[in-house]
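Student: One structure, pasted below without further comment.
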Amino acid sequence: MKKLIILLALAVAIGATTYLVCYRRAMVAVITPDGTDAELGWLKREFALTAAQYEKVLALHHAYRPVCAEHCNRYIAVRRQLDDLLKKQLAWSSEAGAAIAEQARLQGECHASMLKYAYDVAACMSAEQGRRYLDMIKMQLMEGDPAGMFAASR
């Protein structure tokens, strides 16, 4: 049974690492010929952003990108630390509890930061579109997986 758990954990870690490497490589190349980020093209279309609104959102997006990456890196590190700890232990420990608490703290910090960013983006839109955008983002934060963070951490 122990070997099966280790094998499954290894398979998940390899899969997550492969996904993360492929995603990062794909996103580096997602620049359209006119220099805009293709990853935000859907936002421009979906929320009928004017050129001025889109430029503001694009600036916010570029400013938030390193913040988001830092959240992800810290979360992934604590998640790996927890995984390593749980692989080594056969009984509950206060270290495991502390690692779980730190993982939850970092997740909350990430969600709060992402929600602030979403409010900043929504402020660039018309009131109606901004409300619709925030509703979508809040649902993603509450029910979904912001930025694929959890998949990347496994």
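Every number in this text was worked out from the coordinates using simple rules, so none of it is lab data. Because the structure is predicted, anything quoted here is derived from the model rather than measured. Glycine also receives a Cβ, built like all others from the backbone with ideal geometry; neighbour counts cover every protein chain displayed.
Student: Going by Cα centres, segment 113-131 and segment 50-101 are how many Å apart?
Tutor: Centre-to-centre distance over Cα atoms comes out at 22 Å.
Student: Right, next: So for the pair residue 4, residue 101, with labels modelled 7 Å out along Cα→Cβ, what separation do we get in nm?
Tutor: Label at residue 4, label at residue 101, 3.4 nm between them.
Student: Same structure again: What is the sum of charges, Lys and Arg at +1 and Asp and Glu at -1, for the other residues whose Cβ falls under 11 Å from the Cβ of residue 106?
Tutor: Every neighbour counted, the sum reads 0.
Student: Provide the gained length on full extension for the span residue 19 to residue 80, in nm with one decimal, where the gain is 0.36 nm per separating residue minus the Cα-Cα distance.
Tutor: Difference between extended and current length: 20.4 nm.
Student: Cα-Cα over 27 Å: which of 44/116; 56/138; 56/116; 88/138?
Tutor: The answer is 88/138.
Student: For 71, 62, 111, what ranking results if the residue with the fewest other Cβ atoms within 10 Å of its Cβ goes first?
Tutor: Least crowded to most crowded, the residues run 62, 111, 71.
Student: Can I ask one more? Take each of the peptides 54-61, 41-48, 86-93, average the number of other beta-carbon atoms within 10 Å over its residues, and list them starting from the highest.
Tutor: Ranked from most to least packed, the peptides come out as 54-61, 41-48, 86-93.
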